[in-house]
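In what follows, a structure is listed as structure tokens, so that the remarks can point back to it.
The values are calculated or read from the model by the stated rules, or taken from the named source; none is laboratory data. Remember, predicted model here, so these are calculated numbers, not experimental data. When we count neighbours, we look across all protein chains shown, and the Cβ atoms used for this are built from the backbone with ideal geometry, even at glycine.
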Amino acid sequence: MELNARIPDGPVEKKWENHRFEMKLVNPANKRKYDVIVVGTGLAGASAAATMGELGYNVQAFTHHESPRRAHSIAAQGGINAAKNYQNDGDSVYRLFYDTVKGGDFRSREANVYRLAEVSLNIIDQAVAQGVPFAREYGGLLANRSFGGAQVSRTFYARGQTGQQLLLGAYQALERQVKAGKVTMHASKEMLDVVVIDGVARGIVTRDLRTGKIERHAADAVVLCTGGYSNVFFLSTNAQKCNVTATWRAHKRGAGFANPCFTQIHPTCIPPSGEYQSKLTLMSESLRNDGRIWVPKDPEDKRKGNDIPEDERDYYLERLYPSFGNLTPRDIASRRAKEMVDKGHGVGPLENGVFLDFKHAIERLGKDTVAERYGNLFEMYERITGEDPYERPMRIFPAPHYTMGGLWVDYDLMTTVPGLFAAGEANFSDHGANRLGASALMQGLADGYFVVPLTIGNYLADVTPGTVDTTHAAFSDVERDVTDRQNRLLGSDGSRSAASFHRELGGIMWEHCGMVRTEEGLRTALQRIPELREQFWNEVRVPGTGEGLNPELEQAGRVADFLEFAEVMCWDALTRDESCGAHYRPEHVTDEGEAKRDDENFSHAAVWEFTGVGEEPVRHTEELEFPNVPPSQRSYK
Amino acid sequence: MDLKLNVWRQSGPDDPGRFESYEAKDISPDMSFLEMLDVVNERLLEEDGDPIAFDHDCREGICGSCGMMIDGVPHGPKSMTTVCQLHMRSFEDGDELTLEPFRASSFPVLKDLYVDRTPFDTIIASGGYISVRTGSAKEANSEPVRKRDADAAFDAAACIGCAACVAACPNASAMLFTASKVAHLAHLPQGQTERYSRVLDMIDTHDSEGFGNCTNHGACENACPKGISVDYIAQLNRDLFKATVTAQPEPARG
């Protein structure tokens, strides 16, 4: 597997500009001769499809949702970063670049991150022009806030619904191109495989979820914008239908998968309330600005939070990190919460959370101010738990939230399969080992509006359009693979639901490849996953047929892919014998108990090559260099 | 708690459909309504039954995928709450509940409680946007927007497209949905250029997709999980009136 990142020459701040000049162009009159497939209609997919349609390409857009507006980007709450420096607080493109590389704990690619920071400016302009109702000041200018520990206020937001408003902006741009005839929308069609002919991506095979029809679609290039894989943990903040299928099937057809073990855990979610729990709900991190996190000092203390006196409480983040206190970064806050629960200090009926207490904030600021800042979050919390956070401390616990790993891509966002691109959360390039708050929306839209629509031209300029159609034998072969797999699922005569296997897999991954990964635990997981997979294929029950709507069949297919993917995630965690960012190996910690990088041996992206289901995959590396941001050790004491 | 569910079962768009009854036993009051249905489905599956189909995704009340009638009320008894955010503590032990899909002739039932809301996308495609090409936007802060306009635009833009408004309306009108987008864009300076052509095009499409007209019942506002006000329909009507009387016909879009 050849890993040539094709990073343009020149100083980091000139690379994108130089590259835009040097890239080959497709003549405007020729663009309409090219068919481009875009899979997924979240921020990256909708913006890429709309923009390529505007440029003149024939775009075929696919989503497994009933409508492109349902994609999970819609659920992002907090905001979107951009280096506008509207607050005159010293922000700049270079500072956003610097913060992102450092926040990623020196495991991302500098050139890509710089470009991300650079185009962040254009994203805000674009969104405002589309009518995205960002928060404004009384003077009518755009408002900003500081987010996720950043020392400048560069986050733009639309109440707690920033993702929704940005996605609706991109969705509306997409629908405009649908109306103009430049984008054909294929809703309720799930991509089940990529068709690769002579090493080049030439199309996809899908299932129409309403009719059950398996279909072939040919194109000159394929762009995957299919999101992340947090649902490998079963319980995560992701929507129920988020899955790894598209990227995993692309991986099985030759696309390298980079850093699959880099997964982010969000510290402030509502703890599960029982076995039936289907997902976890994130509460905005901003709660940590005024809430104080604590547990009872005595693990045996079963009193209600309010009945425990001050001197019997352990405000452990304030104790351990006097200068950052409750605002320590996500990974640290998460790990410490888990540690407290593991030691028996957990609170709530299942003893699976820690307290986040607003009593002092209400005393200091008054109930009205607290309500103004957090009222909608308190309501959400009460709706789910039935408990009133004004009267008693909230209970929180970390939950899987975002995946930094993804398909390996070069500077042009092309995977190791020529003609196959990956954008947004589906690729690996920008966040390294840890993503900063409010940077996911930024990356999805940067890739979709400003990167892929340009770089795809650089590829297509050398491609003769329409050389392959769906009658090619490779399409028949892939369609047969897809159909066989579906028949195997439908033919299994077991009695267990796919969800029950998913829950079990999630338990293994959370235990052994979640917040803390030990060598022993990872080896246990690598033994149990294949056993569970075999059990799945023997004991799963998928009712109904392949015809028509069959949600159980959809789910079973996704769980089957997670059961394969989980192994490479564990291999990645096992072989990355260091701690960095969100990847925490207790064998590698500093004297202060924090993640300790090993730059000598692991300053690289690990890129996995598929060798067969259940076979040990092959690990390749892309060396990472940091000429602009010299690596340093984080400290939040 | 134990409940009895009378659920609309329909195998596909051409099946006439019927109610069937199910027992939901040992339900925790902390479950969400959809988690309760997950449990019913998992038991059905183990007993060789056919699970009840319903659409859902984020389970946080924002994606707009879920929605069903519970005892004739869209999204069930709790106001400003989608069915995924409704919890079983809103019900009593022994309750008997009737579950039906959102019904409107524009929304064919795909299966059981799962309907096809594609006509909403068609309405948006007919004009629910500002025509701005990627790359042609001006500096974001070059045009201030009064805070109250920005806030009003946001209130309208909060629509999640779940279709509870259509299900609640005796005319199966999608006027609240359409008005929310018309008002969102009409409140912003960026939306002025296409303001009147937009309302004409979107209403044309609304009607041709088979939705009924608005006769001011207000049931939509009551049913809306995001609290979108019927005042936006009044605003749409003002813009529509003005557009019909005064606007020059626009050349065809493209």
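Numerical summary
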item	result
Candidate set: segment B:52-63, residues that are facing chain A (nearest Cβ under 7 Å) and touching an Asp or Glu at 6+ places or on another chain (Cβ under 6 Å); chosen: the one nearest to residue B:83 (Cα to Cα)	B:63
Residue A:158 vs. criteria outside any helix (DSSP H, G or I), under 22 Å from residue B:146 (Cα atoms) and either within 14 Å of another protein chain (Cβ to nearest Cβ) or among the hydrophobic types (A, V, I, L, M, F, W, C) (or both)	yes
Candidates A:590, A:621, A:611, filtered to the one that is β-branched (Val, Ile, Thr), touching a Lys or Arg at 6+ places or on another chain (Cβ under 7 Å) and either exposed (fewer than 13 other Cβ atoms within 10 Å of the Cβ) or touching a residue at least 24 places away in the same chain (Cβ under 8 Å) (or both)	A:590
Residue check, residue B:118 within 10 Å of chain A (Cβ to nearest Cβ), touching a residue at least 24 places away in the same chain (Cβ under 8 Å), under 24 Å from residue A:66 (Cα atoms) and surrounded by fewer than 20 Cβ atoms within 10 Å (Cβ to Cβ)	no
Residue within segment B:91-112 that is more than 7 Å from chain A (Cβ to nearest Cβ), modelled with pLDDT of 95 or more, crowded, with 19+ Cβ neighbours inside 10 Å and farther than 19 Å from residue B:55 by Cβ present	yes
Test for residue A:77: is it under 19 Å from the mean Cα position of the chain (by Cα) and either part of a loop (DSSP other than H, G, I, E, B) or surrounded by fewer than 22 Cβ atoms within 10 Å (Cβ to Cβ) (or both)	yes
Conditions (1) assigned to a loop (DSSP other than H, G, I, E, B); (2) of a type outside the set (Asp, Glu); (3) farther than 25 Å from residue A:272 by Cβ; number of the one not met by residue A:370	(1)
Of residues in segment A:173-186 being surrounded by fewer than 21 Cβ atoms within 10 Å (Cβ to Cβ) and part of a loop (DSSP other than H, G, I, E, B), the one nearest to the other protein chains (Cβ to nearest Cβ)	A:180
Which listed residue, of A:129, A:111, is of a type in the set (A, V, I, L, M), within 24 Å of residue B:153 (Cα to Cα) and in a helix (DSSP H, G or I)	A:129
Residue selected from segment A:513-533 under the condition buried (at least 18 other Cβ atoms within 10 Å of the Cβ), within 22 Å of residue A:331 (Cα to Cα) and not aliphatic (A, V, I, L, M), by the criterion farthest from the chain's Cα centre (by Cα)	A:521
Cβ-Cβ under 6 Å pairs, at least 6 apart or on other chains, segment A:492-510 side not assigned by TED's automatic domain parsing to the domain that holds residue A:229, far side of a type in the set (D, E, K, R)	A:494/A:539; A:494/A:541; A:495/A:541; A:495/B:46; A:496/A:539; A:497/B:42; A:508/A:528
Any chance residue A:97 is more than 7 Å from chain B (Cβ to nearest Cβ) and in contact with a strand residue (DSSP E or B) (Cβ under 8 Å, 6 or more places away or on another chain)	no
Looking only at segment B:13-36, and only at residues there that are facing another protein chain (nearest Cβ under 10 Å) and part of a helix (DSSP H, G or I), the one that is farthest from residue B:61 (Cα to Cα)	B:36
Single match in B:76, B:67 (criterion: more than 8 Å from every other protein chain (Cβ to nearest Cβ), closer than 21 Å to residue A:279 by Cβ, part of a loop (DSSP other than H, G, I, E, B) and without any contact (Cβ under 8 Å) to a residue 60 or more places away in the chain)	B:76
Qualifying residue in segment A:528-545 (condition: closer than 21 Å to residue A:574 by Cβ and not in a helix (DSSP H, G or I))	no
Enumeration of residues in segment A:132-150 that are without any contact (Cβ under 8 Å) to a residue 12 or more places away in the chain, in a loop (DSSP other than H, G, I, E, B) and either more than 11 Å from every other protein chain (Cβ to nearest Cβ) or crowded, with 17+ Cβ neighbours inside 10 Å (or both)	A:146
Boolean, residue A:49 is in a helix (DSSP H, G or I) and within 16 Å of residue A:440 (Cβ to Cβ)	no
Residue in segment B:154-166 that is nearest to the chain's Cα centre (by Cα), counting only those that are within 8 Å of chain A (Cβ to nearest Cβ) and not small (Gly, Ala, Ser)	B:160
In segment B:121-153, the residues that are within 28 Å of the chain's Cα centre (by Cα), facing another protein chain (nearest Cβ under 7 Å), over 16 Å from residue A:170 (Cβ atoms) and in a helix (DSSP H, G or I)	B:147, B:150, B:153
Selection status of residue A:86, at negative phi and either without any contact (Cβ under 8 Å) to a residue 24 or more places away in the chain or touching a helix residue (DSSP H, G or I) at 6+ places or on another chain (Cβ under 8 Å) (or both)	yes
Candidates A:163, A:199, A:203, filtered to the one that is touching a Ser or Thr at 6+ places or on another chain (Cβ under 6 Å), among the small types (Gly, Ala, Ser) and modelled with pLDDT of 95 or more	A:163
Residue within segment A:266-287 that is within 24 Å of residue A:426 (Cα to Cα), touching a Phe, Trp or Tyr at 6+ places or on another chain (Cβ under 6 Å) and polar (S, T, N, Q) present	no
Within segment A:420-501, helices (runs of 4 or more DSSP H) holding 2 or more residues that are within 15 Å of the chain's Cα centre (by Cα)	A:440-445
Subset tally (residues that are farther than 30 Å from residue A:348 by Cα, of a type in the set (S, T, N, Q) and at pLDDT 95 or above) for segment A:385-438	3
Residue count, segment A:362-380 (criterion: β-branched (Val, Ile, Thr) and buried (at least 18 other Cβ atoms within 10 Å of the Cβ))	2
